[in-house]
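One structure below.
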Amino acid sequence: MSTSPSKIELIQPDDWHLHIRDGDVMKDVLADTARQFARAIIMPNLKPPVTTVDLAKAYRARIQLNLKAMGISSFTPLMTLYLTDNTSADEVRKAKSEGITAFKLYPAGATTNSDAGVSDIKHCYGALEAMQAVGMPLLVHGEVTTADIDIFDREAVFIDRVLIPLRKDFPELKIVFEHITTKQAAHYVRDAQDSVNHPNTIAATITPQHLLMNRNAIFAGGIRPHNYCLPVLKREEHRLALLEVATSGNPRFFLGTDSAPHAKGAKETSCGCAGCYSAFNALGLYAEAFESVGKLDRLEGFASFFGPDFYSLPRNSKKITLVKQSQAIPVELPLGDATIVPLRAGETIAWSLA
Ligand code: NCD
Ligand code: ZN
């Protein structure tokens, strides 16, 4: 019998999937992430999307200006490019030489600001060839978007229709299956074979909301727009499968919050945006999930080691401490001129950063 600790020390984590938007809202959300994480993969689904190296460098410069204005020197943004039907092999090679970390595949229409996404992966084969050749990871939003597929089945169908053929055609391409939500995805990534000469070709990120909630949370006593994200929360059996793989110590699974800020008014409306804002106390949420199955000792690998190992980046060296000391989550936080409702607004979370 092990008693639960009241404090855990770990190497500082990174967030391998994050949305920080642009303009005057950016600094509000960036501050929450930089308080906890050393690095984050910055998603490129701006309006217009970050499709070129030049756009990504300009975006990085705006991020750095905001960090500087807030006096934050301890946080590094890792930039991504938005893959389109027209991304060229040259742009991929340029991205590699200019320090872009990855490309992101959004199937057209899959989620927030994905209209410019890929209509057919076959259009991207030149770019994918180049990514495989230079060792540029492809991050995938793994959902099909055709109207005939039920929204709760979109991820599982993506595995069969897109991911399996893609990995067959590009066996050495490094792929991260982002924000997985189903038993099918968890087991696919767990059981997939690496190419003989290339280990670490497949991994997955998992969000705090998919470890802590099932789809009932969207409808508990009425419609709960702040628990709506994409891919949408699934049944309890899927949550349990995600929790199992996340806490298993398998290095293919690592932390990616998918914290996706939308102003309160854009969520609480007749057609609300998809996205949960988890950045306020993301580490507390993950600690709660790991503690729920007695696996707090596995949190450090998931949060701090397996991500940099997959991306061939150094692990962080600074340590942080999480304490079991309840923290009240505000009902709203500032977001530029508006406000945002964080995940678990108005509730308390058991774990927080010391
Ligand atoms: C994200 C966003 O708002 O940018 N929304 C979400 O529900 N996760 C986009 C995404 O990652 O799908
Ligand atoms: Zn996302």
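What percentage of the solvent-accessible surface of the stretch 15-317, computed with a 1.4 Å probe over protein heavy atoms, is contributed by carbon and sulfur atoms? Heavy-atom surface of the stretch 15-317 belonging to carbon and sulfur, 1.4 Å probe: 51 percent. Kirkwood hydrodynamic radius computed over the stretch 15-317 comes to 19.3 Å, based on all pairs of distinct alpha carbons. Estimated purely from DSSP H runs of n ≥ 4, each contributing -39500 (n - 2.57), the mean residue ellipticity at 222 nm for the chain is -8000 deg cm²/dmol once divided by its residues. As a rough guide to protection, the peptides 65-77, 288-300, 256-268 ranked by mean Cβ packing within 10 Å, highest first, stand as 256-268, 288-300, 65-77.
Kindly list the residues of the stretch 72-87 that lie in the label zone of K47, defined by a backbone N under 20 Å from the point 7 Å along the Cα-to-C-beta vector. It comes to 82-84, nothing else.
Considering only alpha-carbon pairs that sit under 8 angstrom and 6 or more positions apart, the relative contact order computed for the stretch 193-234 is 33 percent. Remark: the chain carries 41 Å² of accessible area per residue (probe radius 1.4 Å; ligands, DNA and RNA excluded). Among 309-316, 18-25, the peptide with the highest mean count of other Cβ atoms within 10 Å heads the list, and the full ranking is 18-25, 309-316. For K96, the aspartates and glutamates whose Cα comes closer than 17 Å to its Cα, not counting residues fewer than 8 places off in the same chain, are D54, E129, E172. Ranked by the mean number of other Cβ atoms within 10 Å per residue, highest first, peptides 213-221, 83-91, 161-169, 101-109 order as 101-109, 83-91, 161-169, 213-221. Within straight-line reach of K183, meaning a Cα separation under 29 Å, sit the following lysines at least 8 residues removed in sequence or on another chain: K104, K122, K168, K174, K234, K267, K295.
One Cα centroid belongs to the stretch 288-303, the other to the stretch 19-56; the line between them spans 27 Å. Across the chain, C-alpha contacts under 8 Å between residues 6 or more apart give a mean separation that, scaled by the residue count, equals a relative contact order of 19 percent. Each residue of the stretch 310-321 was assigned a 3J(HN,Hα) from its phi angle through the Karplus expression (A = 6.51, B = -1.76, C = 1.60, θ = phi - 60°), giving 5, 7, 6, 10, x, 5, 5, 10, 5, 10, 10, 10 Hz with x at Gly and Pro.
The values are calculated or read from the model by the stated rules, or taken from the named source; none is laboratory data. These numbers come from a predicted model, not from an experiment. Heads up, the Cβs are rebuilt from the backbone with ideal geometry, glycines too, and the neighbour counts pull from every protein chain shown. Each accessible area value is taken on the protein alone, full model and side chains, heavy atoms only, with ligands, DNA and RNA left out. Shrake-Rupley method; radii C 1.70, N 1.55, O 1.52, S 1.80 Å.
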